[in-house]
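Structure first, commentary second.
The values are calculated or read from the model by the stated rules, or taken from the named source; none is laboratory data. On a predicted model such as this, the values are computed, not experimentally measured, just so you know. Glycine also receives a Cβ, built like all others from the backbone with ideal geometry; neighbour counts cover every protein chain displayed. To get the accessible areas, we keep the full protein, side chains included, count just its heavy atoms, and leave off ligands, DNA and RNA. Shrake-Rupley method; radii C 1.70, N 1.55, O 1.52, S 1.80 Å.
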Amino acid sequence: MSLLIGDKLVVSMHYKLTDAEGTVIDSSEGSDPLTYLHGAGNIIPGLEKELVGKTEGATMQVTVDPAEGYGELNPEMIQTVPKEAFQGVETIEPGMSFEAQGPDGSAQHIVVKEVDGDNIIIDANHPLAGKELNFDVEVVSVREATEEELDHGHVH
Ligand code: ZN
(Lines give C-alpha, C1' and ligand atoms only; values in the text may rest on other atoms or scores of the structure.)
Protein backbone atom coordinates (compact mmCIF):
# COMPACT_ATOMS: atom_id res chain seq x y z
CA MET A 1 0.00 0.00 0.00
CA SER A 2 1.34 3.39 -0.83
CA LEU A 3 1.60 5.97 1.91
CA LEU A 4 -0.52 9.12 1.77
CA ILE A 5 1.59 12.20 2.47
CA GLY A 6 1.04 13.51 5.98
CA ASP A 7 2.86 14.26 9.21
CA LYS A 8 5.86 12.13 10.20
CA LEU A 9 6.55 11.01 6.65
CA VAL A 10 9.60 11.77 4.58
CA VAL A 11 8.82 12.95 1.06
CA SER A 12 11.16 13.16 -1.91
CA MET A 13 10.07 15.22 -4.86
CA HIS A 14 11.28 16.80 -8.03
CA TYR A 15 10.14 20.35 -8.50
CA LYS A 16 10.37 23.33 -10.76
CA LEU A 17 9.67 26.77 -9.37
CA THR A 18 8.64 29.59 -11.69
CA ASP A 19 7.46 33.13 -11.02
CA ALA A 20 4.30 34.77 -12.38
CA GLU A 21 6.10 35.55 -15.65
CA GLY A 22 7.12 31.93 -16.13
CA THR A 23 10.81 32.51 -15.39
CA VAL A 24 12.42 29.48 -13.75
CA ILE A 25 13.67 30.47 -10.29
CA ASP A 26 14.76 27.08 -9.05
CA SER A 27 14.57 23.46 -10.13
CA SER A 28 15.73 20.04 -8.99
CA GLU A 29 16.15 18.91 -12.60
CA GLY A 30 19.45 17.17 -13.10
CA SER A 31 20.07 16.79 -9.39
CA ASP A 32 18.73 14.77 -6.47
CA PRO A 33 15.09 15.27 -5.56
CA LEU A 34 14.32 17.55 -2.65
CA THR A 35 13.68 15.46 0.46
CA TYR A 36 11.86 16.87 3.48
CA LEU A 37 10.09 15.82 6.67
CA HIS A 38 6.39 16.59 6.34
CA GLY A 39 4.74 18.59 9.11
CA ALA A 40 8.01 20.00 10.47
CA GLY A 41 7.99 23.37 8.70
CA ASN A 42 10.82 22.30 6.38
CA ILE A 43 9.17 23.74 3.28
CA ILE A 44 6.87 26.73 2.72
CA PRO A 45 3.34 26.24 4.12
CA GLY A 46 1.51 26.81 0.83
CA LEU A 47 3.32 23.93 -0.84
CA GLU A 48 3.28 21.62 2.17
CA LYS A 49 -0.50 21.73 2.58
CA GLU A 50 -1.10 20.90 -1.10
CA LEU A 51 1.05 17.78 -0.77
CA VAL A 52 -1.16 16.29 1.95
CA GLY A 53 -2.82 13.08 0.80
CA LYS A 54 -0.71 12.71 -2.34
CA THR A 55 1.17 9.49 -3.06
CA GLU A 56 4.34 8.34 -4.78
CA GLY A 57 4.21 9.14 -8.49
CA ALA A 58 1.73 12.01 -8.13
CA THR A 59 2.31 15.13 -10.21
CA MET A 60 0.73 18.48 -9.53
CA GLN A 61 0.90 22.19 -10.11
CA VAL A 62 0.60 24.52 -7.14
CA THR A 63 0.37 28.30 -7.04
CA VAL A 64 1.45 29.78 -3.71
CA ASP A 65 0.63 33.33 -2.67
CA PRO A 66 3.32 35.36 -0.87
CA ALA A 67 1.52 35.01 2.48
CA GLU A 68 1.99 31.23 2.32
CA GLY A 69 5.36 31.45 0.62
CA TYR A 70 8.20 33.74 1.66
CA GLY A 71 5.97 36.49 3.04
CA GLU A 72 4.85 39.85 1.78
CA LEU A 73 7.40 42.53 0.93
CA ASN A 74 8.17 44.46 4.10
CA PRO A 75 8.80 48.14 3.25
CA GLU A 76 10.66 48.56 6.54
CA MET A 77 13.32 46.22 5.23
CA ILE A 78 14.11 48.65 2.44
CA GLN A 79 16.46 51.24 3.91
CA THR A 80 18.82 54.00 2.94
CA VAL A 81 22.30 53.73 4.38
CA PRO A 82 25.39 55.90 3.88
CA LYS A 83 28.06 54.68 1.51
CA GLU A 84 30.51 54.55 4.44
CA ALA A 85 28.59 51.52 5.72
CA PHE A 86 30.18 49.51 2.92
CA GLN A 87 33.79 49.77 4.00
CA GLY A 88 36.24 47.96 1.82
CA VAL A 89 33.87 47.77 -1.14
CA GLU A 90 35.21 49.88 -3.97
CA THR A 91 32.25 50.13 -6.31
CA ILE A 92 28.67 49.73 -5.21
CA GLU A 93 26.17 49.02 -7.94
CA PRO A 94 22.48 48.11 -8.05
CA GLY A 95 21.97 44.35 -7.97
CA MET A 96 25.01 43.62 -5.80
CA SER A 97 24.28 41.45 -2.80
CA PHE A 98 25.89 41.15 0.60
CA GLU A 99 25.60 38.95 3.64
CA ALA A 100 25.05 41.05 6.74
CA GLN A 101 24.10 40.36 10.31
CA GLY A 102 20.45 40.99 11.09
CA PRO A 103 19.12 42.50 14.34
CA ASP A 104 18.66 39.01 15.80
CA GLY A 105 22.21 38.01 14.89
CA SER A 106 21.19 35.75 12.02
CA ALA A 107 22.62 36.06 8.51
CA GLN A 108 20.71 38.46 6.35
CA HIS A 109 20.81 38.67 2.58
CA ILE A 110 20.92 42.27 1.39
CA VAL A 111 20.55 43.51 -2.16
CA VAL A 112 21.55 46.99 -3.36
CA LYS A 113 18.48 48.47 -5.04
CA GLU A 114 19.72 51.90 -5.92
CA VAL A 115 22.78 54.11 -5.59
CA ASP A 116 21.95 57.76 -5.09
CA GLY A 117 25.18 59.67 -4.63
CA ASP A 118 26.44 58.81 -1.16
CA ASN A 119 23.18 57.14 -0.23
CA ILE A 120 22.72 53.46 -0.86
CA ILE A 121 19.21 52.01 -0.87
CA ILE A 122 19.26 48.43 0.31
CA ASP A 123 16.62 45.72 0.46
CA ALA A 124 16.79 42.99 3.12
CA ASN A 125 13.58 41.23 2.10
CA HIS A 126 13.85 37.58 1.13
CA PRO A 127 14.48 37.53 -2.64
CA LEU A 128 11.19 35.66 -3.11
CA ALA A 129 9.12 37.82 -0.73
CA GLY A 130 6.04 39.34 -2.33
CA LYS A 131 6.17 36.91 -5.24
CA GLU A 132 3.60 34.46 -6.48
CA LEU A 133 5.31 31.08 -6.75
CA ASN A 134 4.34 28.36 -9.17
CA PHE A 135 5.53 24.86 -8.44
CA ASP A 136 5.53 21.86 -10.76
CA VAL A 137 5.91 18.89 -8.47
CA GLU A 138 6.45 15.17 -8.95
CA VAL A 139 6.41 13.04 -5.82
CA VAL A 140 9.27 10.55 -6.14
CA SER A 141 8.90 8.64 -2.90
CA VAL A 142 7.19 8.65 0.48
CA ARG A 143 8.48 6.76 3.52
CA GLU A 144 8.11 6.66 7.29
CA ALA A 145 10.51 8.95 9.16
CA THR A 146 12.92 7.38 11.64
CA GLU A 147 12.70 8.18 15.37
CA GLU A 148 15.86 10.23 15.06
CA GLU A 149 14.51 12.27 12.16
CA LEU A 150 11.33 13.02 14.11
CA ASP A 151 13.42 14.05 17.14
CA HIS A 152 15.52 16.40 15.03
CA GLY A 153 12.68 17.75 12.90
CA HIS A 154 14.55 17.15 9.65
CA VAL A 155 15.59 14.43 7.24
CA HIS A 156 18.87 12.57 7.59
ZN1 ZN B 1 19.51 15.73 12.66
* Asked: Highest GNM mean-square fluctuation, the chain, Cα pairs closer than 10 Å: which of G46, G69, G57?
  -> G57
* To do: Leaving out ligands and nucleic acids, note down the accessible area per residue over the chain with a 1.4 angstrom probe, in whole Å².
  => 61 Å²
* Heavy atoms of T59 accessible to a 1.4 Å probe, total area in Å² rounded to 10 -> 100 Å²
* Cα lying deepest toward the dipole's positive end in the chain, options P75, G130, L47, charges on Cβ -> L47
* When the chain is modelled as a GNM with alpha-carbon springs shorter than 10 Å, which of A85, A129, A145 fluctuates the most? -> A85
* To do: Take the solvent-accessible surface of the protein heavy atoms, probe 1.4 Å, and return the percent of it on the chain that carbon and sulfur atoms account for.
  => 47 percent
* To do: Find the relative contact order for region 75-123 and round it to a whole percent, using C-alpha pairs within less than 8 Å whose residues are 6+ positions apart.
  => 42 percent
* Asked: Setting aside same-chain residues fewer than 8 positions from K113, which lysines have a Cα under 28 Å from its Cα?
  -> K16, K83, K131
* So what is the relative contact order for the chain, in percent, with contacts set as C-alpha pairs under 8 Å and at least six apart? -> 36 percent
